[in-house]
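Here is the structure we will look at, set down as structure tokens.
The values are calculated or read from the model by the stated rules, or taken from the named source; none is laboratory data. Remember, it's a predicted structure, so these values are computed and weren't measured experimentally. No Cβ is skipped: glycine too gets one built from the backbone with ideal geometry, and neighbour counts run over all protein chains shown. Note: accessible area is taken over every heavy atom of the protein model, side chains too, but ligands, DNA and RNA are not part of it. Shrake-Rupley method; radii C 1.70, N 1.55, O 1.52, S 1.80 Å.
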Amino acid sequence: MNSPALRAVSVSPLIDQARAYLPVEDCERLKTAYRFSDEAHLGQFRQSGEPYVSHPLAVAEICTQWRLDSQALMAALLHDTVEDTKATSQEIAEKFGPEVAALVEGLSKLDAVEFRNREEAQAENFRKMLLAMARDVRVILIKIADRLHNMRTLNVVSPEKRGRIARETLDIYAPIAHRLGLNAVFRELEDLSFAGLYPNRFVILSKALLSARGNRREVVGRLQQSIENQLPKFRIAATIEGREKSLWSIYKKMIEKKLSFAEVLDIYGFRILVKDISQCYLTLGALHALYKPMPGKFKDYIALPKSNGYQSLHTTVVGPYGTPVEFQIRTEEMHQVSEAGVAAHWMYKEESREGVSPLQARAHEWMQSLVQVQSQTRDPSEFLDSVKIDLFPDVVYIFTPRGAIRELPRGSTPVDFAYNVHTDIGNHCISAEINHRPAGLDTVLRNGDVIQVTTDPKANPHPSWLSFVRTAKARAEIRHCLKTTTRSEAIDFGYRLLDQSLKALGMTGLDDPRLEWHQFLAENTAQDRDGLLEDIGLGLTLANVAARRLLPQASGSTVSRLPLHAQQAIAVSHTHFTTLNEAITIDGSEGSTVQYASCCAPIGGDAAVGLMRGGAGLVVHRTTCPLGRRQRAKDPARWADIIWAEELKRLFQTHLAIETQDSRGILARVASAISGADANIVGANTAPKDQTLAIMNLIVEVRERQHLANVLRRIRRVPDVIRATRVAPERLDTHTDL
């Protein structure tokens, strides 16, 4: 890219552009703001050699293209003054008003910490930017204009800095511009980032596109002429514009599909602008009458707009010489919104359109959701990870049972849908139906799916949900709920474990007045009693070691007076600390602090052992589990026998293999038998064993072993069932929900 020529710095072009839509008095205030900025930046220069004031002036000029109000334009002119000069926020508030000062302050906070290579620093700045945007969208519009001008002049900085800024722009600023519907800026930022990241590839591809443009000029001309002849036959008045794919989108397609430039056929397309929506659809029919449409290449973004407000009809047809050609059909207003996005709110702010547009409302809704996600997510990197998904709005449209449309990112699941409807529905959802058929909570939703979820007020999010949810809101709410419930459950479980260990050592329990709590807390990392109980419940501290440490001085051994971490090290290496000694009693109410190993799927009543795994609580295995046996041999100090309480407070999933005659209705008869035994099927698949036999693999919820025995008896009585047995999960094929 060539170095920009140094230009004379003048406010006149800005004022000329602003006069097109602002009153005279506002234009005079802009002149005052420019003079203030010019004086404040006096003696400062950009790396190109231009006076520094040329930059805020260029940013303000970009903002006039979106017809932003005078406060935003003044803030653009002043956006670097507080950070880089002696000017203060108070001074700006006095001269230009509190609203302008607030915008400048918001922009200054964003620039206070430059993006660095360290991911956490970048994530923190990203969080600040999105939250500032949620308070006033003009902040991010000015910031995007600022970044756009910097990218246009990027060639004057060092290659290393150029690459860093280009990558940051491609990862963050371009997606934000896209999410806000600033499609023209989005495309320019992508191409400028491409030039900054891969300058040689950019130059080569630019030359190839220029050459192809000449080679295909005849084809494009014939296409345009035939369209111009066709539309009047349908009484359609339209403006027809040729358009090329951006260089970055061509390059991405070449990389993703492993194509050469010559193999990318759909470089050119056409945009047709008509006067109203009815003519959009009429134009579509006229095009399809002229050229054959390609199957599966039609998208109606007018009836179902994108999340950034974009509306248009897209169709791809087979043009002359078999070349695919894409057409975008839209109204003039749709075109303005497609290019300016949320900024179109200011472009169309006439008296007849006062108030908030649907696009503005949707953008506001998304930005407010960022505040909600932030309130649930304190870790900046976690916040960045969550929100980045929402910045690439490749969406699916799904329907509630009442026919309401919900828009979710592609790859979303019923859990994402539940949280999209309401946080409480997400937190308590237990099952889903898609198109009136039961489906797993991790099922990927498709366009047009009708979905209904079932809730249970006693249910809570499961940690495994984090592995498949797509939306930032679902991810943040699940994490928040898990942290809250896990702490409470860990404290309760830790109380039971420590109380049990103290009683085994001759104390009356956790409330024994002889326990040396003060001494214990003074010498160890736990800040208070609840902190210790939480650590025990999560497996970070062994209950029997903590119990010995709490014993009165006279009854404590030399080992029991050592710091807690030293005792735990001894517990692993010395023979008299080789197990947790006391068996652990569980009743199923422990929540996420007690997990049931997926390798052997223990149920109530099984002979079982438990591993106190640091940070994960207690993991229960059947004593016959090969994996559990191997782990126990490596680290016996953290294992204990499990005692099941007389009354269990949860259902357990167990796996059954049923061999049957391959007869009509056998699955329904088996399901009826299981239901008659007061049990529930949560997953199933069937596979033929030979020409006459089939194997049915089921996941069934039962209370305990006696209940399972009753279920198996009823299954075995079903005609055509040959045998039914409980099996280990690893022996089953992949399950699909019924």
message: Being farther than 19 Å from Glu105 by Cα and aliphatic (A, V, I, L, M) is true for just one of Val11, Val82, Val53, Val59. Which residue is that?
response: Val11
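Results for (1) among the acidic types (Asp, Glu); (2) assigned to a helix (DSSP H, G or I), shown as yes or no for each residue.
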| residue | (1), (2) |
| --- | --- |
| Arg487 | no, yes |
| Arg496 | no, yes |
| Ser501 | no, yes |
| Gly506 | no, no |
| Asp511 | yes, no |
| Ala522 | no, yes |
| Val545 | no, yes |
| Arg549 | no, yes |
task: Determine whether His462 is open to solvent by 10 Å² or more (accessible area, probe 1.4 Å), touching a strand residue (DSSP E or B) at 6+ places or on another chain (Cβ under 7 Å) and under 26 Å from Ile586 (Cβ atoms).
output: no
query: Among (1) in contact with a strand residue (DSSP E or B) (Cβ under 7 Å, 6 or more places away or on another chain); (2) of a type in the set (A, V, I, L, M, F, W, C); (3) buried (at least 17 other Cβ atoms within 10 Å of the Cβ); (4) modelled with pLDDT under 90, which single condition is Cys280 missing?
result: (4)
message: Go through the stretch 66-84 and report how many residues are surrounded by 22 or more Cβ atoms within 10 Å (Cβ to Cβ) and over 17 Å from Ala102 (Cα atoms).
response: 1
task: Can you give me the number of residues within the stretch 152-172 that are farther than 17 Å from Asn200 by Cβ, open to solvent by 30 Å² or more (accessible area, probe 1.4 Å) and touching a Ser or Thr at 6+ places or on another chain (Cβ under 8 Å)?
output: 1
message: Name the single residue that is most open to solvent (accessible area, probe 1.4 Å) among those in the stretch 242-274 being closer than 19 Å to Lys297 by Cβ and of a type in the set (A, V, I, L, M).
response: Leu265
task: Answer yes or no: is there a residue in the stretch 217-225 that is open to solvent by less than 10 Å² (accessible area, probe 1.4 Å) and of a type outside the set (Ser, Thr, Tyr).
output: yes
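Okay, residues lined up against (1) within 23 Å of Asp16 (Cα to Cα); (2) in contact with a strand residue (DSSP E or B) (Cβ under 6 Å, 6 or more places away or on another chain); (3) at pLDDT 90 or above:
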position: Ala60; (1), (2), (3): yes, no, yes
position: Glu83; (1), (2), (3): no, no, no
position: Ala93; (1), (2), (3): no, no, yes
position: Leu107; (1), (2), (3): no, no, no
position: Met133; (1), (2), (3): no, no, no
position: Leu154; (1), (2), (3): no, no, yes
message: Out of the residues in the stretch 399-419 meeting the condition of being closer than 13 Å to Asp449 by Cβ and among the charged types (D, E, K, R), tell me which one is least open to solvent (accessible area, probe 1.4 Å).
response: Asp416
- prompt: Scanning the stretch 527-540 for residues that are open to solvent by 10 Å² or more (accessible area, probe 1.4 Å) and in a loop (DSSP other than H, G, I, E, B), which turns out modelled with the highest pLDDT?
  reply: Asp528
query: Here are Arg470, Arg487: which of them is of a type in the set (Lys, Arg) and touching a strand residue (DSSP E or B) at 6+ places or on another chain (Cβ under 6 Å)?
result: Arg470
The stretch 304-343, residues that are modelled with pLDDT of 80 or more and of a type in the set (S, T, N, Q): Gln311, Ser312, Thr315, Thr316, Gln328, Thr331, Gln336
Options Arg437, Arg446, Arg475, Arg470: the member that is open to solvent by 70 Å² or more (accessible area, probe 1.4 Å), modelled with pLDDT under 90 and under 15 Å from the mean Cα position of the chain (by Cα): Arg470
query: Taking the stretch 463-487 on its own, how many of its residues are without any contact (Cβ under 8 Å) to a residue 24 or more places away in the chain and out of contact with any Asp or Glu (no Cβ under 9 Å at 6 or more places or on another chain)?
result: 3
field: Matching residues, the stretch 15-65, being outside any helix (DSSP H, G or I), of a type in the set (A, V, I, L, M, F, W, C) and either touching a Pro at 6+ places or on another chain (Cβ under 8 Å) or loosely packed, with under 15 Cβ neighbours inside 10 Å (or both)
entry: Ala20, Leu42, Phe45
- prompt: Yes or no: Leu304 touching a residue at least 60 places away in the same chain (Cβ under 8 Å) and either open to solvent by 40 Å² or more (accessible area, probe 1.4 Å) or in a loop (DSSP other than H, G, I, E, B) (or both)?
  reply: yes
